[in-house]
Amino acid sequence: MSAPTPETAELAATADAPAATAHSDSARASLEALRSEIAKAVVGQDPAVTGLVVALLCRGHVLLEGVPGVAKTLLVRALAASLELDTKRVQFTPDLMPSDVTGSLVYDARTAEFSFQPGPVFTHLLLADEINRTPPKTQSSLLEAMEERQVTIDGSPRPLPDPFLVAATQNPVEYEGTYPLPEAQLDRFLLKLTVPLPTREDEINVLTRHADGFDPRDLKAAGIRPVAGPADLEAARAAVARTSVSPEIAAYVVDICRATRESPSLTMGASPRGATALLSTARAWAWLTGRDYVIPDDVKALALPTLRHRIQLRPEAEMEGVTADSVITAVLAHVPVPR
């Protein structure tokens, strides 16, 4: 059989284009349906829902921060119920050991051999509840899993399932008995999403649902059903990978991150990994909004959740009321936007 010529390869690619577009549109519809399913349990947190979907598309992890009682855990549980994915939950406490997360070797007296017992990290969606309540040693047990998608026990690497996403929650106002996440751990999270208090109308809606019998512990009774699965995610990720990025947009992302490094309010700006993360999330957002190319507004839309945990404020700036979000907002206002 003769080798394909450039002309026949081009014809084959053209013939496959409609099928790829159909798969892309179907996957986008499935992921959009997640919003309505999650809304059956969680009211008024659409930006956080969108952030979780973006993280799934980018193979990233999410840190959810908010005061107690704003449905952070319920949000992740509702996402898991809306996806055909395995999920496990770990309540992080001061006495939690690394092996409680990753698993350990257990001696079997009958066979006189050690066998590996997988920990809860061997799942598709891991809910790490109140991650800042466990000591650094246990926090670091997630570093390899989040970055390398594997766990090494007794010198043997064990791959994690794909997809694999860690959704961690933390409380920003209660510091007693907590261990702040170090920069290396924070950098493993693709996005840091803030979960605010609901508006008055949304809070009334929450109370009305509870008065009508809604039970947050029984999501099946709330009518939540799986609307997307691994095949949809794979098709969506392939479509995101085809989303084009112009040299001007790439330069815009770099200029934003470099501007954070020059900010007088910061001791540490966004690293090149932060720039890569911002480009990835902007591509995912562009695809979710129905485009196959990235525009500056996509970069602006994801700049705060992608970069806010990757920069470090000077103590004197923090005392003056400067926040990470205000620094990034100022940077976006001053960096020239490509035409």
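Could you tell me which numbered condition Thr178 fails, if it satisfies all but one of (1) touching a Lys or Arg at 6+ places or on another chain (Cβ under 6 Å); (2) open to solvent by 70 Å² or more (accessible area, probe 1.4 Å); (3) modelled with pLDDT under 90?
Condition (2) is where Thr178 drops out.
Only residues that are in contact with a helix residue (DSSP H, G or I) (Cβ under 9 Å, 6 or more places away or on another chain), more than 15 Å from Arg314 (Cβ to Cβ) and in contact (Cβ under 8 Å) with a residue 24 or more places away in the chain: list them for the range 259-279, please.
Ala259, Ala270, Ser271, Gly274, Ala277, Leu278, Leu279
Taking the conditions exactly as written (in contact with a helix residue (DSSP H, G or I) (Cβ under 8 Å, 6 or more places away or on another chain), within 18 Å of Ala303 (Cβ to Cβ) and open to solvent by less than 10 Å² (accessible area, probe 1.4 Å)), does Gly66 satisfy them or not?
Considered against the rule, which asks whether it is in contact with a helix residue (DSSP H, G or I) (Cβ under 8 Å, 6 or more places away or on another chain), within 18 Å of Ala303 (Cβ to Cβ) and open to solvent by less than 10 Å² (accessible area, probe 1.4 Å), Gly66 comes out as no.
Filter the range 206-264 for residues that are in a loop (DSSP other than H, G, I, E, B) and of a type in the set (Gly, Ala, Ser); which is farthest from Thr123 (Cα to Cα)?
Ser263
Looking at the range 280-289, which of its residues are farther than 18 Å from Cys257 by Cβ and either out of contact with any helix residue (DSSP H, G or I) (no Cβ under 9 Å at 6 or more places or on another chain) or open to solvent by 50 Å² or more (accessible area, probe 1.4 Å) (or both)?
Thr289
Any residue at all in the range 269-292 that's of a type in the set (Lys, Arg), in a helix (DSSP H, G or I) and more than 18 Å from Val327 (Cα to Cα)?
Yes, the range 269-292 contains a residue that is of a type in the set (Lys, Arg), in a helix (DSSP H, G or I) and more than 18 Å from Val327 (Cα to Cα).
Suppose we keep only residues that are surrounded by 17 or more Cβ atoms within 10 Å (Cβ to Cβ) and β-branched (Val, Ile, Thr) within the range 189-205. Which one would you say is nearest to Val43 (Cα to Cα)?
Across the range 189-205, the extreme among qualifying residues is Val195.
Confirm whether Asp292 is charged (D, E, K, R) and touching a residue at least 40 places away in the same chain (Cβ under 8 Å).
Considered against the rule, which asks whether it is charged (D, E, K, R) and touching a residue at least 40 places away in the same chain (Cβ under 8 Å), Asp292 comes out as yes.
Residues checked against (1) polar (S, T, N, Q); (2) open to solvent by less than 20 Å² (accessible area, probe 1.4 Å); (3) over 24 Å from Ala55 (Cα atoms); (4) assigned to a helix (DSSP H, G or I):
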{"site": "Val106", "(1), (2), (3), (4)": "no, no, yes, no"}
{"site": "Phe114", "(1), (2), (3), (4)": "no, no, yes, no"}
{"site": "Phe122", "(1), (2), (3), (4)": "no, no, no, no"}
{"site": "Arg158", "(1), (2), (3), (4)": "no, no, no, no"}
{"site": "Val166", "(1), (2), (3), (4)": "no, yes, no, no"}
{"site": "Pro172", "(1), (2), (3), (4)": "no, no, no, no"}
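Looking at (1) among the hydroxyl-bearing types (Ser, Thr, Tyr); (2) open to solvent by 40 Å² or more (accessible area, probe 1.4 Å); (3) closer than 27 Å to Met268 by Cα, can you tell me which one Thr134 breaks?
Going through (1) among the hydroxyl-bearing types (Ser, Thr, Tyr); (2) open to solvent by 40 Å² or more (accessible area, probe 1.4 Å); (3) closer than 27 Å to Met268 by Cα one by one, Thr134 breaks only (2).
Say we look at the range 216-258 and pick out the residues that are surrounded by 14 or more Cβ atoms within 10 Å (Cβ to Cβ) and among the hydroxyl-bearing types (Ser, Thr, Tyr); which of these is nearest to Val337 (Cα to Cα)?
Among residues in the range 216-258 that are surrounded by 14 or more Cβ atoms within 10 Å (Cβ to Cβ) and among the hydroxyl-bearing types (Ser, Thr, Tyr), the one nearest to Val337 (Cα to Cα) is Tyr252.
Suppose the filter is among the basic types (Lys, Arg), part of a helix (DSSP H, G or I) and under 19 Å from Leu52 (Cα atoms); does Arg310 pass it?
Here the answer is no, as Arg310 does not meet what is asked.
The values are calculated or read from the model by the stated rules, or taken from the named source; none is laboratory data. Predicted model only: the values in this text are computed from it and were never measured. Here the Cβ is made from the backbone with ideal geometry for all residues, glycine too, and neighbour counts use every protein chain on show. Side chains are part of the model used for accessible areas, which takes the heavy atoms of the whole protein and leaves out ligands, DNA and RNA. Shrake-Rupley method; radii C 1.70, N 1.55, O 1.52, S 1.80 Å.
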